Amino acid sequence: TIKSVEIKEKDKVDGITYTSPYSVKDFVVYSADKTMLIKYLSQKTDKEYTVDNNTVAICDNAFGGVSLKTLDLATAKSVSATAFNNANIDNYVFHTIEPPVVSSMNAFGEVKTEYKLSGVTYKADTVLHVPEVGYDNYAKSLAFEGYGKAKAIKKDSSVGSTVATIKKDGLVYSI
């Protein structure tokens, strides 16, 4: 059992400050309404984890130092640049057609090929699984550019998306 969890009173995500009570279950700390994943505690030893479907924001250092085979980000729309500091996560799974807002080109770790972008070397041991219909949006997104050029973004037919889409000028938009 968890005896104590130290959490700041306020959490800032994409310039917005949230203050809320917290929900702790199975070593994962969320905001009470589960719209923000605040911390995946190191005591949790699972190899795979799926973020709650209500979660729209992954906070600073939420998965810092965590080792997972697969992290399913469900419908998260915003990911802090430092959400995965020193994390060892092999596979990220996305269900949104539009990539989440990410303030770092290397938020999900490096990929293994020799592709370099802005001084960052990307390596293929980090794979981003995205819905087939949203692949072009991820590949063309600046935050995901290095992964696309390193061929680390994979169209995954098993990753579903329930959002209606329209296609315009070669890009797919969710409506």
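The values are calculated or read from the model by the stated rules, or taken from the named source; none is laboratory data. Everything numeric in this text was worked out from a predicted model, so none of it was measured. Using ideal geometry, Cβ is built from the backbone for each residue, glycine included, and neighbour counts are taken over all protein chains shown. In case anyone asks, the SASA skips ligands and DNA or RNA and just uses the protein heavy atoms, side chains included. Shrake-Rupley method; radii C 1.70, N 1.55, O 1.52, S 1.80 Å.
Yes or no, residue by residue, for (1) modelled with pLDDT under 85; (2) closer than 22 Å to Asn88 by Cα; (3) touching a Leu at 6+ places or on another chain (Cβ under 9 Å):
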{"position": "Thr121", "(1), (2), (3)": "yes, yes, no"}
{"position": "Thr126", "(1), (2), (3)": "yes, yes, no"}
{"position": "Glu132", "(1), (2), (3)": "no, no, no"}
{"position": "Ser141", "(1), (2), (3)": "yes, no, no"}
{"position": "Phe144", "(1), (2), (3)": "yes, yes, yes"}
{"position": "Lys149", "(1), (2), (3)": "yes, yes, yes"}
{"position": "Ile153", "(1), (2), (3)": "yes, yes, yes"}
Here are Val101, Val79: which of them is touching a strand residue (DSSP E or B) at 6+ places or on another chain (Cβ under 8 Å), of a type in the set (A, V, I, L, M) and modelled with pLDDT under 90? Val101
So Gly160 ticks every box in (1) assigned to a loop (DSSP other than H, G, I, E, B); (2) modelled with pLDDT of 70 or more but one. Which box is left unticked? (2)
May I ask you to list pairs of residues, at least six apart or on different chains, whose Cβ atoms are under 8 Å apart, with the first in the range 27-49 being within 16 Å of Phe84 (Cα to Cα) and open to solvent by 40 Å² or more (accessible area, probe 1.4 Å) and the second being assigned to a strand (DSSP E or B) and of a type in the set (Lys, Arg)? Lys47/Lys69; Glu48/Lys69
